Structure formats: C-alpha cells, structure tokens
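Trainee: Before I ask anything, let me first share the structure, which is written out below as structure tokens.
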Amino acid sequence: MKNRKRALVLAGTAAALAATLIAAAPAPAAPASATQAAQAAQAAQAAPKVAAVHGGGTIRYPYVPASHDIRFTVDAEAAPWSRPFPAQGGEQGMPVDARGKVTIYHAMPDENVIAVGEAEVDCLVTGGRTATVTAVVTSSNVGWEGKRIGISVQDGERGNPDRLGFSWGIANVDVQPDGSVSEPRVGTCMAPAPFTEVTKGGFKVTPAPLPPRPSTP
C-alpha cells in the first residue's frame, strides 16, 4: 500500500513538473507563409552585391631561392564613395573605394631575414574571378611605411590554382632618359596581372558591378 501511494506521489510530481515545463517553453514559431518566403527571396536579390577578396596563401616567386617563404593575406571589401579627396569630382570619393587589410610575410633563410608588413586597403575593383587591390603600408620592418602597394588575385576554377601578382619585383619600373631607374608611386587599384601561382591556401573573389554614383544633396 505504501509503495502504491509512493508511486502515485511520484507520478503526480512528474506530471506537475511536465506541466510547468510545457507552460514555460516558448510556443513554436509559425511556419513562414509562401508570401513571406517570396518577399525574403526578393529582398535578398534586391540587396546590392559587395565586391570582396578574402583569403591567404603562399606563392612561388621564381626569382628568389626555393627556400624562401612568401605569404600574402588579403581581407578587402568594397566601400564605394567613402574616401573623399580634395579635388574636383572627388568630393564623394570613388566607386572603387574599399577597406580592409593586406599582410605580407617573406622569410629569407639564406639571409637570415624575415620581412613583414601590414597595409590598409584603399581600393578594390573586380572583374569576374579577378580582383585588384591597393593598400598603404602602415607598419613594416623594411621601411615601407606610407608606400602604396598593388595586389592582384585570381580565384582559380575548374581545378586551376589561384594566382597572385604584386606591384614590385617585376613591374612598376620607370627608366629615365639618362638610363637611371626609379619606382613610381602605385596609383589606386593599380597592380600587374596575377603572374604567379598560389601553392598553399587560396583566395575567394566576390565580384560585383561598379555602383551607381550617389545623388548629390
């Protein structure tokens, strides 16, 4: 008899606890209607696509010893018309204005040197699976602070490797009439074609058309 009463008490306690939990639990969300789903899909399609490049990789540069380790990371996103400059037509900035960061790492074991640098992205333009990014060096251990660098990236497809190019080494050389050589300043969004392969890692290019000019107030 005692066992039966105890079982009844436990059963009653469990039932009360279950009722409390059910009452406290949030009601299940109502399924979205077909109209709501269609509206969400239309909103997603209407949202403007933002150009971007993200990723990092090691490259093989044929003009240095094979023991060298050269790596790039690029995290850049378009921020159109966000960098005004004091010139006619520059009051609203440029359609290829961008933000983000580029880092460079170059280990040279034969010279016992590791060169590193970090740069702030100021320009990004895409065309299909290729992008060109420029950035101004903010910190480095090789004296590049304030220098604008250009990086090009090609997002490989159909099993092809990604590719990368950069604005020094084989490009951007100005030979003067007297035979002297100088390195001109890199302009915004200026970089050579992606001339070398990425051997490790990779990059994702998100292309987008140039944005419309903003309306003037």
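Trainee: Between residue 116 and residue 213, what's the calculated FRET efficiency when r is the beta-carbon distance and R0 is 30 Å? Round to 0.05.
Mentor: In this case the efficiency is close to 0.20.
Trainee: A further question on this structure: Sorted by packing (mean other beta-carbon atoms within 10 Å per residue), highest first, where do 140-146, 167-173 land?
Mentor: Sorting 140-146, 167-173 by mean packing, highest first, produces 167-173, 140-146.
Trainee: Restricting to DSSP loop positions (anything but H, G, I, E, B) with no more than 11 other Cβ atoms inside 10 Å of their own Cβ, which trypsin sites (Lys or Arg not before Pro) remain in segment 128-217?
Mentor: When the trypsin sites (Lys or Arg not before Pro) of segment 128-217 are filtered for loop state and at most 11 Cβ neighbours within 10 Å, 158, 185 remain.
Trainee: Another one. Counting other Cβ atoms within 10 Å, which GluC sites (Glu not before Pro) in segment 68-121 have at most 11 and lie in a DSSP loop?
Mentor: 91, 111
Trainee: Segment 64-217: percent of C-alpha pairs farther apart than 22 Å?
Mentor: Counting every Cα pair in segment 64-217, those more than 22 Å apart make up 47 percent.
Read-outs: derived from the displayed coordinates by stated rules, not from any lab. Being a predicted model, the structure only gives us computed values, none of them experimental. Neighbour counts run over all protein chains shown; Cβ positions are idealised from the backbone, glycine included.
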